[in-house]
Amino acid sequence: MNNRLSFPQGFVWGSATAAYQIEGAAHADGRLPSIWDVFCQVPGKVRNAETGEVACDHYHRMAEDLDLMAALGLPSYRFSVSWPRVIPGGSGPVNTAGLDFYQRLVDGLLERDITPLLTLYHWDLPQALQFEGGGWANRDTVGRFADYAEVIGRALGDRVPTITTLNEPWCTAFLGHSSGVHAPGITDNATALKVAHHLNLAHGRAVSVLRGLTPASTQVSVTLNLAQVRPASDSPEDLAAAEHVDAVANRVFLEPMLRGSYPPALLRETSHLSDWSFVADGDLAEISAPIDVLGVNFYAPSRVAAASAEISAKVTGRWVNDPNQAEAGPSPWPGTDRAYSVPQPGPYTAMGWPIVPEAFTDLLLAVHRDYPEIPMVVTENGAAFDDVLSADGQVHDSDRIDYVRRHLRAVHAAIEGGADIRGYYLWSFMDNFEWAWGYAKRFGMVHVDYDSLVRTPKDSAWWFRDVIKNNAVE
């Protein structure tokens, strides 16, 4: 009896990383600080005051890592370019040594028959732009990003079949400028909304720049971490809160990018925070420059309740998804004062995120229902667990295999339901610097010893190799 679920012919399999999380070499070959280099130096912002200065030292171990990708049968690899490595000041001269690193990375992938998927921005804004003008809160940064996109498009656009403009702009806008748990650590909802718009505009402008530089076959995309939002109860207040969060978290990006407008309800419900005067004539036409594919990142659903005195009184100061669920409490939803994120039942990953694969199916089908014209690729999905090297020198991460297996089944169910999903990238290729959590959380299918930097494929890596080989999950 065949108990495999087969994926469509041509389905793309891969794994993903991000520059600041793996490269290290923070001061090498002309690179200057990013906002994350600076944020890591702020006491209390990152666990154990850890930084990405060394990370996995991928900058110096690239050939080794590419050989390992080939050995694990990866057909595609999603990576990001470090803006402060290529244009250290955020604008101005190009750092040839930094750009050459990515030239060698792309060439090395192609030599090993691994298809590159390039992301222009995965959160590491050059600190110079933050210091001099306020970073993404300054509209001028949009122009600097377009210039940077032009540099990368000219250098690599002939060899990279898909270029993604932004990874998870929600995190940049709202974790970076509302909750403040990400760089640059600002806590102002009005600023977060302005940043979201500037990111939308930067995306649209970069799309147009890339279209003029790259071959007609090049696909241009954006990656969004869309929230699968569930109300805490069936009360009218919580149902309205869930709909509001869908607008603040999802449609603030989806609607201008794919429909050329902001949802009227979003503008109305945030009018006490912002008058949205930062939206200039012509912006929405630029933002809605057509893309070829939508990247979707998913880890866990969200559960929200309407803001109330009762909910506010339960705030513990812990993030709602704190790994210590006994201490977790409601958290204000970033970017609004109308809703709170509230704890959910387990089981959980090591991040404290609930494991709910069916929510992934629901999310993918909802995107397909509302935006049926746009193909999707799952650009991140995976889980952190408390991995350890066993006495046999291996990592037996059965929890991760189970998580990924169940989420692949969820992707397959969405495809069966009519969603046009064309690929899946496991997060992450290897353990790495997990932002505010430092090195405490391991997402990789390859274990990294942070003292020796030795790489050891986990059981999940070999299991995923078989999934790729069979184009199917059991």
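The values are calculated or read from the model by the stated rules, or taken from the named source; none is laboratory data. Note that the structure is predicted; figures quoted are calculated from it, not measured. Positions of Cβ are backbone-derived with ideal geometry, glycine not excepted, and every protein chain shown enters the neighbour counts. These area figures cover heavy atoms from the full protein model, side chains too; ligands, DNA and RNA do not enter into them. Shrake-Rupley method; radii C 1.70, N 1.55, O 1.52, S 1.80 Å.
The residues in the range 97-117 that are in contact (Cβ under 8 Å) with a residue 40 or more places away in the chain and under 20 Å from Ala25 (Cα atoms) can be counted, and the count is 10.
Take Val248 and tell me if it is touching a Gly at 6+ places or on another chain (Cβ under 9 Å) and within 17 Å of Val304 (Cα to Cα). Judged against the criteria, Val248 is a match.
Go through the residues of the range 386-396 one by one and say whether even a single one is surrounded by fewer than 22 Cβ atoms within 10 Å (Cβ to Cβ) and assigned to a helix (DSSP H, G or I). Checking the range 386-396: not a single residue is surrounded by fewer than 22 Cβ atoms within 10 Å (Cβ to Cβ) and assigned to a helix (DSSP H, G or I). On inspection, Phe7 passes the criterion of being open to solvent by less than 60 Å² (accessible area, probe 1.4 Å), aromatic (Phe, Trp, Tyr) and over 22 Å from the mean Cα position of the chain (by Cα). In the range 403-474, counting only strands (runs of 3 or more DSSP E) that sit wholly within it, the ones holding 1 or more residues that are within 21 Å of Leu294 (Cα to Cα) and under 18 Å from the mean Cα position of the chain (by Cα) span 421-427.
Residues checked against (1) on the phi < 0 side of the Ramachandran plot; (2) modelled with pLDDT under 95; (3) open to solvent by less than 20 Å² (accessible area, probe 1.4 Å):
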| position | (1), (2), (3) |
| --- | --- |
| Pro375 | yes, no, yes |
| Glu380 | yes, no, yes |
| Ala384 | yes, no, yes |
| Ile401 | yes, no, no |
| Val404 | yes, no, yes |
| Gly418 | no, no, no |
| Ile421 | yes, no, yes |
| Met430 | yes, no, yes |
| Ala440 | yes, no, no |
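Among the residues examined, Asp451 does not qualify as surrounded by 20 or more Cβ atoms within 10 Å (Cβ to Cβ) and acidic (Asp, Glu). Here Gly44 passes the criteria (1) of a type in the set (Gly, Ala, Ser); (2) part of a loop (DSSP other than H, G, I, E, B); (3) closer than 19 Å to Gly444 by Cβ except the one numbered (3). Output the residues belonging to the range 250-268 that are more than 23 Å from Leu364 (Cβ to Cβ) and open to solvent by 40 Å² or more (accessible area, probe 1.4 Å). Across the range 250-268, the qualifying residues are Ser261, Pro264, Leu267, Arg268. Of Leu72, Leu105, Leu68, all but one fail to be at pLDDT 95 or above, open to solvent by 10 Å² or more (accessible area, probe 1.4 Å) and not small (Gly, Ala, Ser); the exception is Leu68.
Within the range 97-118, none of the residues are farther than 17 Å from Asp65 by Cβ and aromatic (Phe, Trp, Tyr). So for the range 11-24 (the condition being in contact with a Cys (Cβ under 6 Å, 6 or more places away or on another chain), aliphatic (A, V, I, L, M) and at pLDDT 95 or above), does at least one residue qualify? Checking the range 11-24: at least one residue is in contact with a Cys (Cβ under 6 Å, 6 or more places away or on another chain), aliphatic (A, V, I, L, M) and at pLDDT 95 or above. Being at pLDDT below 95, more than 25 Å from Ala16 (Cβ to Cβ) and surrounded by fewer than 18 Cβ atoms within 10 Å (Cβ to Cβ): is that true of Gly346 here? For Gly346, the condition - at pLDDT below 95, more than 25 Å from Ala16 (Cβ to Cβ) and surrounded by fewer than 18 Cβ atoms within 10 Å (Cβ to Cβ) - is met.
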